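Colleague: Have a look at this one before I ask anything.
The values are calculated or read from the model by the stated rules, or taken from the named source; none is laboratory data. Keep in mind that this is a model prediction, so the values were computed, not measured. Counting neighbours? That spans all protein chains shown, and the Cβs are built from the backbone with ideal geometry, glycine included. Ligands, DNA and RNA are excluded from the accessible area calculation, which covers all protein heavy atoms including side chains. Shrake-Rupley method; radii C 1.70, N 1.55, O 1.52, S 1.80 Å.
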Amino acid sequence: MQQLKRKLLNSDKKRVIAGILIIVVLAMVINFSILLLFNKKNANNTLEVILNQVISRLDKNNQEEERLVESLKEEYIEKAKTVSYILDNNEEFKDSLLELLIIAGKMGIDEIHLFDSEGTIIGGTVPEYYGISFNDGEQISYFTPMLNDKTLTMCQDVTPNTAEKKSMMYAITWNETKEYMVQIGIEPKRLLDELKRNEISNVVSAMPAYEGIDIFVADKETGIIKGATDRNYITKNINRLKIDNLDSSTFEISSATNIRDGFRQFYKFRQWGENNVIIAYSTKKDTKNFLLYSLMLSIYLIIASFIIYFMFEKIVKTTKDRNDQMSILLKMADIYYSMHLIDLENDTVKEYSASDKVREIVNKEYGATEMMRDIMSVTVYPEYVNEALEFTELTTLADRMVGKKIISAEFNGNQFGWVRTSFITIEADENGKPKKVIYVTRDIDRDKKKEQQLILRSHTDALTGILNRRAYEEDIEKYANNVSDDNLVFVSMDVNGLKIVNDTMGHSVGDELLLGASECIRKSLSGYGKIYRIGGDEFVAIIFVKPDEIQRIIDNLKRVVGEWKGDKLKSISISVGYVCADEMEDRNIRAMAEEADKRMYKEKSEYYLKDKM
């Protein structure tokens, strides 16, 4: 019987080997046919694709440069505004070289210059520049429009610093009182590195090299090669390529096919700005190596097929070996922040990898269940502890993981930041209950913070910087059933006269009106709760104050509104209506919102009636 089994097994192996050989022969024939067809018919299409890729890459590099310049300009203007804000709130810093140097160092700024209203440097971190004005050179005269329009903020493109012969970018803004201008100067190393990388010679040289294909970018007027996959051609004339019927000065043809040295050669041309892009493809090497390549490919396929076959056979056997299983686990340990093998039946734990902080917490004399509870209690923030303890409770883990390979959860640790924890089944009983699991943690703090930043941006009003309607709708759902806090107050606010301002003075003035209103509301109410802009001129606040204090807070809001003055508007007016939770029997937040709106509109109608009188 055993002899029969061996014969059957050997017969199966022979059939597998025969099948492999048949597949290899078929693959060789198919490959030979495809290569031959490609060599005869598809050279032109390939060159067209590569030509488009090259031009697309060159266009993309130009666009990336433009985007980087614009983003740096915005960043540097914001830095100039930040320095201006600091100096407005700390007048003594303006005349202190040391303080200005400290500000520059903390903000990553190379130079700070203060200009008077006539455009002359009166202070800054570079005393030798004091006295220089907008009239003292082409570089600095770029900012002359600032003198005629004090609402301007400007940022200069990369410009060589005349005095120090280094490339700089300068951004400038008027201070809050429009008494002087604040200019910052930064050497944009990131942009300079990008410009260097994006030079045509570097871009083309860095492009993927295809066998038998060369890429050239030449000046349209002179024919000088600016970039090539073979750098030896750079600065040479395009005539060195010896392309028949090619006029390098006009590039009147878009493609060509020549026979050189008995082998076919293909070219593709296209103009790109002030340059011409040329793709050259020679079949010489492909033709010579065609049969050799096919033969080598066949040998490779045969060897690879047998290697894969024997490796597969070996892996099937060795996966049953526990030593190999331990080796795999040790390799996995390098991926994770920490990794432990937990024996659920014996309540034991074995460490494969862990940080020093985890080792400090883990007492190896503990049982696995007690150790896990201690780790969660010590390392997880209080608001996540109960959830973490429930997820990592080992006494219920086997039942929760029946038939499952892995379960995961995410927690915010007070020592490690955000982590993802997982239990992975590596051994289960006949009912699918895990007996041994791997417990791993992975650091996801950076990804979580990026996610939180995206959520914050999606919940922020772009104009005013306060919470938007999406944030309002999500927050109000928390109180959808009832309001349990007696101190909750719903405040409805509406900016008076926005439409009139937009229609008569323009939307920029309307934006100033909204920004002024949001500034007053934030100053008066943000310390008590959250503020939202839910419509064009509609604002809402959900705050927590004692009922006997709310009127004082609203009166303070109206006082702040009354004292506000803008650049183009002298005053603003806001109608307000509010409802305290203890006024409503059903404590329904949306009912509170409706009642607050009614009270606000009543005040609004009184405002317009009074205005007409």
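Colleague: Over all pairs of distinct alpha carbons, what does the Kirkwood formula give as the hydrodynamic radius of the range 436-565, in Å?
Modeller: Mean inverse Cα-Cα distance, inverted, gives 17.0 Å.
Colleague: Taking 0.36 nm per residue of separation and subtracting the Cα-Cα distance, what length does fully extending I307 through D95 add?
Modeller: So the chain would gain 68.6 nm between I307 and D95.
Colleague: Could you state, as a whole-number percent, how many of the C-alpha pairs of the range 71-158 are farther apart than 21 Å?
Modeller: Details: 1119 of 3828 pairs.
Counting every Cα pair in the range 71-158, those more than 21 Å apart make up 29 percent.
Colleague: Here is a follow-up. Taking every alpha carbon pair in the range 454-516, what does the distance histogram look like in 5 angstrom bins from 0, in percent?
Modeller: Per 5 Å bin, starting at 0, the Cα pair percentages come out as 4, 14, 17, 17, 17, 15, 10, 5, 2, 0.
Colleague: What does the charge count around I86 come to, taking other residues whose C-beta lies under 12 Å from its C-beta (Lys +1, Arg +1, Asp -1, Glu -1)?
Modeller: Value of the local net charge: -1.
Colleague: Tell me the net charge near T144. Cut-off is 15 Å between Cβ atoms, T144 excluded, with +1 for each Lys or Arg and -1 for each Asp or Glu.
Modeller: -4
Colleague: Ok, one more. Leaving out ligands, DNA and RNA, and with a 1.4 Å probe, what % of the accessible surface on the range 70-179 is carbon or sulfur? Provide the component values of the computation, followed by the final result.
Modeller: Working: 2890 of 5780 Å².
Using a 1.4 Å probe with all protein chains present, the range 70-179 comes out at 50 percent carbon and sulfur.
Colleague: Hey, any idea what the orientation-averaged projected area of the convex hull of the range 522-613's Cα atoms comes to, in nm²?
Modeller: 7.0
Colleague: On to the next question. Going by accessible area, probe 1.4 Å, with all protein chains left in place, what is the ranking of I542, I234, largest first?
Modeller: The most accessible residue leads, giving I234, I542.
Colleague: Of the listed peptides 490-497, 431-438, what is their order by residue-averaged count of other C-beta atoms within 10 Å, with the highest listed first?
Modeller: Details: 490-497: 24.4, 431-438: 17.5.
Ranked by mean Cβ neighbours within 10 Å, highest first: 490-497, 431-438.
Colleague: If contacts are Cα pairs under 8 angstrom and at least 6 residues apart, what is the relative contact order of the range 542-613 in percent?
Modeller: 24
Colleague: Please compute, over every Cα-Cα pair in the range 559-613, the percentage with a separation greater than 16 angstrom.
Modeller: Roughly 58 percent, rounded to a whole number.
Colleague: What percentages, rounded to whole numbers, describe P(r) for the range 121-176 computed over all alpha carbon pairs with 10 Å bin width beginning at zero?
Modeller: Histogram of Cα-Cα distances, whole percents per bin: 21, 58, 21, 0.
Colleague: Hey, could you pull the Cα Rg and Dmax for the range 482-539, both in Å?
Modeller: When restricted to the Cα atoms of the range 482-539, Rg and Dmax are 13.9, 46 Å.
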